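A.B. asks: First the structure, then my questions, so here it is.
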Amino acid sequence: MTYSNGVITLIEVWTCMQRFSLDGLPARVPAFNKGVIPMQLKLKDKVVVLTGAASGIGAAMSDRLAAKGARLALIDKSGNALGETLDRARSAGATATGYVLDITDRAAVADLPDRVMADHGRATVLVNGAGVTLLGTFDQTTLEEFDWVMDVNFNAMVRMTHAFLPLLQQQPQAHICNISSLFGLIALPSQAAYAASKFAARGFSEGLRHELEGSNVGLTVVHPGGVNTAIARDARVPSSTTPEEAEARKARAAKLLKTPPEKAADQIIAAIEKRQPRLLIGRDARMGDRIQRLFPASYWSKMKGFVNDK
């Protein structure tokens, strides 16, 4: 390994990680952990409850799941876009129902299992895919803006899981899939709120997975890197941010979104079918995971030149 001005470059670390393992583990981690039953979950005729279904990864997952013959309970707050997703699913021959609601509405989430049961008679898979982001430094962010990110990305995930877990436990096989992020593994400047929500999603998912070990309910936590969705375009910025600064941040974030949502959806569905405990999507996610493990306290100093050059 060579050094540049005494600092290991990102590419050098990546090359090192490809050759060697961390803590005696292979560079590519096996799909299944001890205690997780590697019994494939066939999705045909299974009822999949999916939040964030109107766009991005959620819409792509709906399309793929419909092609596999799954029954779909699709949730989003955007009624028009959700209707388009529903139309595609039904055109593919799937039984699909839509629920236009805000997943931060506690009462609406509490009522949702009864509605899904009335329409489908069961729930087999829960995918917590809805998410938002806020591009701004912590000192620019109001507590209300911070709470909004946490409520959508984390609290709603907890409430949806709490609401549907009893139904999942009634099935011979069931699964939960929680979408975290690369920023559930590393935290970058201007992403304090988003990273906090995604680290929380990861911690909740891993703790719950350990509680469910050996049961009929599996759990996958997903850490996508940059997926080419509208999340950067639709991102909020702190109210104190100037319009010019807001547009610059959105443009910079959009440049990091490389993976097509269809590719991400295929990988997530495969992980659910395999009952895989963890999934990293994209070279950036795999690199970030390894850099963090190698430099847990100083990974940002190794990465910032690469990120800022994008």
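Each reported figure results from applying straightforward, stated rules to the coordinates on display, with no laboratory input. No experiment lies behind these values; they were computed from the predicted model shown. Cβ coordinates were reconstructed from backbone atoms using ideal geometry, including for glycine residues, and neighbour counts include every protein chain displayed.
A.B. asks: Any idea what Rg and Dmax come out to for segment 70-150 if you just take the C-alpha atoms, in Å?
C.D. replies: 15.8, 50
A.B. asks: Run a plain Debye calculation on segment 132-288 (Cα atoms as equal point scatterers, no solvent) and give log10 I(q)/I(0) at q = 0.08, 0.09, 0.11 Å⁻¹, rounded to two decimals, same order as the q list.
C.D. replies: -0.25, -0.31, -0.46
A.B. asks: Report the net charge of residues surrounding G282, where surrounding means a beta-carbon distance below 12 angstrom and charges are Lys +1, Arg +1, Asp -1, Glu -1. Display every interim value, and only then the final one.
C.D. replies: Details: positive: K258, K263, R283, R286; negative: D284, D289.
Summing Lys and Arg as +1 and Asp and Glu as -1 gives +2.
A.B. asks: If amide H atoms are built 1.01 Å from N in the plane of the peptide, which residues on other chains or at least 5 residues away come under 5 Å of the amide H of V47?
C.D. replies: Sorted by chain and number, the residues that satisfy this are R71, T124, V125.
A.B. asks: With +1 assigned to the C-beta of every Lys and Arg and -1 to the C-beta of every Asp and Glu, and no other charges, what is the dipole magnitude of segment 50-195 about the Cα centre in debye, to the nearest 20?
C.D. replies: Details: 10 positive and 14 negative charges, 150 e Å.
Charge dipole of segment 50-195: 720 debye, to the nearest 20.
A.B. asks: Once you list every other residue whose beta carbon is under 14 Å from the beta carbon of V152, what net charge do they have if Lys and Arg are +1 and Asp and Glu are -1? All intermediate terms of the calculation are to be shown ahead of the outcome.
C.D. replies: Values: positive: K77, R106, R159, K198, R236; negative: D76, D102, D105, E144, E145, D147, D151, D234.
Around V152, the surrounding residues sum to -3.
A.B. asks: Can you tell me which of 119-129, 291-301, 97-107, 47-57 comes out highest on packing, and rank the rest after it, using the mean Cβ neighbours within 10 Å?
C.D. replies: Numbers: 119-129: 22.1, 291-301: 14.4, 97-107: 16.3, 47-57: 25.9.
Averaged packing, sorted descending, gives the order 47-57, 119-129, 97-107, 291-301.
A.B. asks: If you build the Cα gyration tensor of segment 37-108 and take the root of 5 times each eigenvalue, what three semi-axes come out, in whole angstrom, biggest first?
C.D. replies: Working: eigenvalues 86, 46, 19 Å².
So the equivalent ellipsoid measures 21, 15, 10 Å along its semi-axes.
A.B. asks: Taking amide hydrogens as modeled 1.01 Å from N in the peptide plane, which residues meet the under 5 Å criterion relative to A96, leaving out close sequence neighbours?
C.D. replies: Excluding prolines and chain starts, which carry no amide H, the hits are L72.
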